[in-house]
Amino acid sequence: MTTAIGLVVNPAAGRDIRRLTGGASVSNNYAKRRTAGCVLAGLTLVDDAEVLVMPDNTGLADRIVDDAPDGVSVEFVDMTVTASGRDSRTAAAHFADHADAVVVLGGDGTTRDVAQTVGDVPVVSISTGTNNVVPTPVDGTVAGAAAALVGSGAVSAAAATTRHGTVEVDVVRSEETTVIRGLATVGVLDRPFVGTRAILDPSDIVGGVVSRSSPAEIGLSGIAGGLVTHRPDDPGGVGFRLSRDGADGTDAPDAATSPATTVRAITVPGRLSTVDVAEHRVLDDGEDYVFEVDRGVISVDGEREHEVRNGTVRLRPVGDGPRLVDVESVLERAADDGRFRLG
C-alpha cells in the first residue's frame, strides 16, 4: 500500500529582520533544500512512499523534486501559487484528503497556516524559521523516517502524536467582528501600525494569551513561562498583562487575578529582558481574556498581523490544534517493535 506524505517547504521562512537585529538563526533556501532532501531519504524507510510537494515561485520545490532519491515517487500539488501563507493553507487542505502524514519546513507561522486546514493528519514540523516555539530543529532524515512510520501505520498515530492547543481571537469594532487564529501565541502590542512584521521591542507588548508556556521558549510564551509552565497539549492556556503605568489603552478584567510580579524572559533571540507583569491567569478552554484597545496591533505567533483602533479584543485558548508527531517517541516505538532489525 502506498504511503502518501505531504511536504511543505516555505521559501520565505527564516528571512525576517530578526536575522539582522538579533541572535536569531538563519535558514536560507539552500539549507532548506538540503533538509528536504534528507526528509525524502528518511521516507525510504517504508516501501512505496509517495510525496506530494507544495509548489512555490522560487524554484526551491523544483530542485527538491529533481533531487528525489530512487524509490520515492514525487509530484507537485496542483494549485495556484500566491507566494503567501495562502499557499501553505491550500496545500494543507489538499493533504487533509490525500496524505497520511505531513512534513513542514518553516517557522511558527508556516505551521499555523498548515494547521488551519490540515485536519487530523499527523504533522512533523521542522524548524527553518527565525524565532520558533512550535517547530523543533530536528534532522530531516530523522523527521522523514518518523513521518513514514506514522503515515504507513507502522507506529500508531494515536500513540505518537499530541493535540496542540490554539488561540482564537475576536476583534470587535462597532458592528464588525474579525476572527483571527493563532497557534502558540497571540499578543496585543502598543503600536500604531503593522510596519515590520517581527516583534523587536518587548516594551511594545501590552499582553496576550498563549496556548503553551515555558521559560525555555522565546517571546510571549517565554514571558508566561516565567510565571507558570503550560504544556502544548494541556487544556486551556495562560493570559497575562504587562505593567504599563496605566498608559496601555487597555482595561483589566474584573476577575480575581494573581499579584504583580517581575520576571526574566528571553523575549527575542539574543536578548534576556526584565518584564513587569501586572497580572496573569491560567485560562480554561474557551475562557475569554479581554483587552480594550484604543490603538494597537495584534501579533500572531511572533508576527504583527492586524491593526486595531477603538476595539475590544477577546482572546481565548481552544484545544483544537494540529496533531503534532513526537519524532523521538515514534522512532523509539518502532525500535521496540523491531522495525529496524533486518534479521
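The values are calculated or read from the model by the stated rules, or taken from the named source; none is laboratory data. Predicted, not measured: the structure shown is a model, and the values here were computed from it. Cβ: placed from backbone, ideal geometry, glycine included. Neighbour counts: every protein chain shown. Just so you know, the surface numbers come from the protein's heavy atoms only, side chains and all, with ligands and any DNA or RNA stripped out. Shrake-Rupley method; radii C 1.70, N 1.55, O 1.52, S 1.80 Å.
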- Item | Hits in the range 43-61 (condition: touching a strand residue (DSSP E or B) at 6+ places or on another chain (Cβ under 9 Å), within 18 Å of residue 339 (Cα to Cα) and either assigned to a helix (DSSP H, G or I) or open to solvent by 10 Å² or more (accessible area, probe 1.4 Å) (or both)) | 43, 44, 46, 47, 48
- Query: Out of (1) outside any strand (DSSP E or B); (2) open to solvent by less than 40 Å² (accessible area, probe 1.4 Å); (3) at pLDDT 90 or above, the odd one out for residue 250 is which?
  - Reply: (3)
- Message: Scan the range 262-269 and tell me whether some residue there is at pLDDT below 90, under 20 Å from residue 171 (Cα atoms) and either open to solvent by less than 30 Å² (accessible area, probe 1.4 Å) or not in a strand (DSSP E or B) (or both).
- Response: no
- Task: Could you please find all residues in the range 105-137 being buried (at least 24 other Cβ atoms within 10 Å of the Cβ) and either of a type in the set (D, E, K, R) or part of a helix (DSSP H, G or I) (or both)?
- Result: 108, 109, 110, 111, 112, 113, 114, 115
- Item | Test: residue 162 is under 19 Å from the mean Cα position of the chain (by Cα), of a type in the set (S, T, N, Q) and under 24 Å from residue 319 (Cβ atoms) | yes
- Within the range 62-100, residues being acidic (Asp, Glu), open to solvent by 80 Å² or more (accessible area, probe 1.4 Å) and part of a helix (DSSP H, G or I) number 2
- Query: If you take the residues in the range 297-319 that are crowded, with 24+ Cβ neighbours inside 10 Å and on the phi > 0 side of the Ramachandran plot, which one is nearest to the chain's Cα centre (by Cα)?
  - Reply: 301
- Task: Out of the residues in the range 325-342 that are open to solvent by less than 40 Å² (accessible area, probe 1.4 Å) and over 15 Å from residue 138 (Cβ atoms), state the one that is nearest to the chain's Cα centre (by Cα).
- Result: 334
- Residue pairs qualifying under the 9 Å Cβ cut-off, at least six apart or on distinct chains, with the first in the range 168-181 being touching a residue at least 40 places away in the same chain (Cβ under 8 Å) and of a type in the set (Lys, Arg) and the second being in a strand (DSSP E or B) and open to solvent by 70 Å² or more (accessible area, probe 1.4 Å), are 173/309; 173/310
- Would you tally the residues in the range 177-207 being of a type in the set (S, T, N, Q), more than 18 Å from the chain's Cα centre (by Cα) and at pLDDT 80 or above? 3
